[in-house]
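What follows is a short report on a single structure.
The values are calculated or read from the model by the stated rules, or taken from the named source; none is laboratory data. In this text, all values refer to a predicted model and were calculated from it rather than measured experimentally. With ideal geometry, Cβ positions are generated from the backbone for all residues, glycine too; neighbour counts draw on all protein chains shown. SASA here: full protein model, heavy atoms, side chains in, ligands and nucleic acids out. Shrake-Rupley method; radii C 1.70, N 1.55, O 1.52, S 1.80 Å.
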Amino acid sequence: MKSEIDAIRQAVYKLGEKINAPSSLLSLPDQSRGDGTPHIELKNNKYHYVSSERGTELSRNETSDLDELLYWVFSNITSSMAYSFELSHRKSNQDSRRLAFAKRLELLEKINPEWANREAKEIEKVLSANPYDDDVDLRVTLCKELADKGYSAESAYKKACLKYPLPLPRG
């Protein structure tokens, strides 16, 4: 069992090289650290990708397909890398997810185009329920200005949303 986990780790490091992933993101423990960091378990000929924090299991994905496991691992790794990239390239008046999602897909494409396509579908689900909101900074700024002029938080928010409407979910 330990040799199989070591083989998975080697595969993760090899794939991580394709995207210049920091080694700190490529670490793949085989038991919980208790801080939410995902770990892998092998039970009954299945891979388990588990995240636990302070003794509480937050998520558990199970598969017998190594490719599926690696997709889950790199979905997390590329998400971390994409949001780090976005943070250092942030654009005002642009939903931060625009840059992060694009970077995430770019990274996954370098590893496995099928993973990128799969992730694009997941992102589309997110955006369907929670569309991009490029006006959030403008609403916040207006809310602060109105509050400084004596408007209540609720009234300031309503006025800001009238000027800069919230995006509506699709579908």
(message) Need the failing condition index for E4 against (1) more than 20 Å from the chain's Cα centre (by Cα); (2) open to solvent by less than 30 Å² (accessible area, probe 1.4 Å); (3) charged (D, E, K, R), just the number.
(response) (2)
(message) Out of everything in region 85-97 that is in contact with an Asp or Glu (Cβ under 9 Å, 6 or more places away or on another chain) and charged (D, E, K, R), what residue ends up being least open to solvent (accessible area, probe 1.4 Å)?
(response) D95
(request) Please go through region 46-84 and pick out each residue that is part of a strand (DSSP E or B), among the aliphatic types (A, V, I, L, M) and exposed (fewer than 14 other Cβ atoms within 10 Å of the Cβ). (result) L58
(request) Among what's in region 118-148 and is under 30 Å from D67 (Cβ atoms) and of a type in the set (A, V, I, L, M, F, W, C), pick the residue that is surrounded by the fewest Cβ atoms within 10 Å (Cβ to Cβ). (result) A129
(message) I'd like to verify a number: residues in region 149-164 that are open to solvent by less than 80 Å² (accessible area, probe 1.4 Å) and within 18 Å of D133 (Cβ to Cβ), how many?
(response) 4
(message) Please go through region 59-87 and give me each residue that is among the acidic types (D, E) and under 16 Å from H39 (Cβ atoms), ordered by number.
(response) E62
(request) Select from region 23-45 the residues that are in contact with a Pro (Cβ under 9 Å, 6 or more places away or on another chain) and assigned to a strand (DSSP E or B) and write down the one among them that is surrounded by the fewest Cβ atoms within 10 Å (Cβ to Cβ). (result) H39
(request) Evaluate region 4-20: report whether one residue or more is outside any helix (DSSP H, G or I) and either more than 28 Å from K110 (Cβ to Cβ) or not hydrophobic (A, V, I, L, M, F, W, C) (or both). (result) yes
